[in-house]
Amino acid sequence: MTARKKALITGVSGQDGSYLAELLLAKGYDVHGIVRRNSEFTSRRLDRILFHERFTTHYGDVVDTSSLHTLLARVGPSEIYHLAAQSHVAVSFSVPDYSAQVNALGTLRLLNAIREVDLKARFYQASTSELFGGLRGTEPQHEGTPLTPRSPYSTSKLFGYWTVRNYREAYGMHASNGILFNHESPRRGRNFVTKKITQAAARIARGEQEMLRLGNLDAVRDWGYAPEYVEAMWLILQRDVPCDLVIGTGTAYTIRQFAEMAFAVVGIELGWSGQGADERGRDRRTGAVRVAVDPVYFRPLETERLRADPRLAERTLGWRARTLAPALARLMVRYDIVHDEFGFPDLVDDADVARRMEGRT
Ligand code: NAP
Ligand code: GDD
């Protein structure tokens with residue numbers, strides 16, 4: 001009998017980690033996840049699988065080298081998905097040193113620990129489209145696009161990206177970079193722009209919030225659906241040859257357009273007036289201001305325009321994004337109408353949505 005595959009996921013309590021753990025359990029893996037100590041349990045995204053017989057969590061931290069050594073030696077995974085990160089770009093301007101400790105040195109520590117315990121594991125690095133910097137005219141970005149990162153988050157991830165390539169070449173490790181464009185879901189953290197918008201649209205429709213304050217409405221993003229992106233992570237590690245691949249939809253919208261799509265789900269058509277910090281989005285029917293720009297959310301430096309050229313991934317993995325931004329906005333708003341917080345299941349049925357919305361739009 002062949003032994004079951006064993007995977008280790010750092011960042012398992014995050015959006016992607018939770019979907020990836022579910023995917024791997026469904027594929028028959030033993031799944032081990034590293035969680036760090038917080039003042040409150042952060043395992044809500046893991047509620048569905050916490051007591052699964054093939055799922056185990058371990059305390060650890062990517063800034064704690066000894067915990068990584070101990071866990072690698074004890075678990076002995078055949079696949080390692082390194083997703084742990086201080087993943088918020090705006091926050092990285094406030095905590096640049098910490099972001100580098102976690103994102104840059106954390107990756108180095110993990111790769112080095114794998115080498116030192118002489119583990120023959122395949123390694124996936126959560127690299128990011130932020131590496132490209134998003135300057136106008138560089139889109140669609142592909143594997144050969146120059147890397148010009150524009151935040152402490154992105155420079156820390158650049159270090160991780162190159163460390164993976166160096167360890168692959170220097171030591172023959174099966175280490176790959178998935179260069180993923182933005183991917184979202186009902187489980188997205190509430191301080192990322194899509195979730196902030198969809199939750200606000202649902203609350204405004206329920207009469208629980210007046211208005212939404214946002215930053216740069218002109219930024220362009222290529223948004224996909226997180227459960228599909230964790231499939232790409234898995235496919236990358238199933239290849240015999242390690243690689244660096246761009247994963248995205250190939251479509252892109254401004255923040256303004258995403259807000260329009262989300263508010264349309266609750267029957268609010270937004271009309272825009274003003275410019276820059278004075279721009280407002282009003283409900284065309286009532287005239288009520290529903291979106292305002294607040295410069296507090298502007299970043300010291302912005303990644304303006306990201307749109308993927310995912311053709312290489314389509315050819316090499318046979319992977320293609322299936323859920324595009326309009327469908328994504330719809331499924332996220334519908335979820336937020338029913339659950340004001342994380343809750344399960346992710347997808348809701350029409351009757352639930354109708355009950356919640358009755359008389360409220
Ligand atoms: P997320 O929801 O913010 O999750 C980050 C995870 O990392 C959480 O489980 C967090 O634990 C954990 N973590 C943070 N610092 C840690 C530390 N010092 N030691 C151990 N764990 C730590 O991020 P995500 O959206 O799932 O993204 C997953 C990865 O993909 C990240 O590396 C991110 O930078 C990258 N990425 C994301 C996207 C995207 O659009 N989502 C695109 C490209 C790349 P807590 O729960 O305790 O906070
Ligand atoms: N968070 C946030 N909040 N962003 C806003 C807001 C706001 O109120 N208003 C406008 N934005 C703009 C940001 O300036 C940015 O241009 C865009 O919306 C997207 O912001 P986020 O949703 O915070 O995501 P991100 O693109 O900065 O980073 C995410 O995607 C990266 C991949 O490209 C994160 O998941 C990163 O970890 C990931 O690497």
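Each value in this text was obtained by applying a stated rule to the coordinates, not by laboratory testing. Computed from a predicted model, the values in this text were never measured in an experiment. Methodologically, a virtual Cβ is constructed for each residue, glycine included, from the backbone with ideal geometry; neighbour enumeration extends over all protein chains shown.
Using θ = phi - 60° and the Karplus curve 6.51 cos²θ - 1.76 cosθ + 1.60, what whole-Hz ³J(HN,Hα) does each residue of region 116-125 get, with Gly and Pro shown as x?
For region 116-125, the Karplus-derived couplings read 5, 8, 6, 8, 9, 10, 7, 10, 10, 9 Hz, x marking Gly and Pro.
How high is the relative contact order of the chain, in percent, with contacts defined as C-alpha pairs under 8 Å that are six or more residues apart?
Reported relative contact order: 17 percent.
Along Cα→Cβ, 7 Å out, is where each label goes; now give me the distance between the ones at LYS5 and VAL95 in nm to one decimal.
Simple spin-label model gives 3.3 nm for this pair.
Please give the contour-minus-distance gain from ARG48 to ARG280: 0.36 nm per residue of separation, less the Cα-Cα distance, rounded to one decimal in nm.
That works out to 79.5 nm of additional length.
If amide H atoms are built 1.01 Å from N in the plane of the peptide, which residues on other chains or at least 5 residues away come under 5 Å of the amide H of THR57?
When sequence neighbours closer than 5 places are left aside, the close amide H contacts are GLY33.
Let me know the Kirkwood hydrodynamic radius for region 1-119, please, with Cα pairs as the basis and the value in Å to one decimal.
14.8
Which loop-located chymotrypsin sites (Phe, Trp or Tyr not before Pro) does region 49-115 contain, where loop means any DSSP state but H, G, I, E or B and the Cβ has at most 14 other Cβ atoms within 10 Å?
Sparse-neighbourhood loop chymotrypsin sites (Phe, Trp or Tyr not before Pro): PHE51.
Please give every one of the lysines within straight-line cross-link reach of LYS120, meaning a C-alpha to C-alpha distance under 17 Å, and leave out same-chain neighbours fewer than 8 residues apart.
Answer for LYS120, where 17 Å is the Cα cut-off: LYS5, LYS6, listed by chain and number.
Would you kindly state how much longer the chain becomes between THR56 and GLU40 on full extension, computed as 0.36 nm times their sequence separation minus their alpha carbon distance, in nm to one decimal?
Extra length from THR56 to GLU40 when fully extended: 3.9 nm.
Among the GluC sites (Glu not before Pro) within region 1-84, which fall in a DSSP loop and have no more than 10 other Cβ atoms within 10 Å of their own Cβ?
GLU40, GLU53
Of the residues VAL35, VAL291, VAL91, which exhibits the maximal mean-square fluctuation in a Gaussian network model of the chain defined by a 10 Å Cα contact cut-off?
For the chain, modelled as a Gaussian network with Cα springs under 10 Å, the answer is VAL91.
Taking all pairs of different Cα atoms in the chain, averaging 1/r and flipping that mean, what Kirkwood radius in angstroms comes out?
One over the average 1/r among Cα pairs gives 21.2 Å for the chain.
Let me check I've understood the local charge: for ASP240, count other residues with C-beta under 14 angstrom from its C-beta, Lys and Arg +1, Asp and Glu -1. What total comes out?
Here the count lands on +3.
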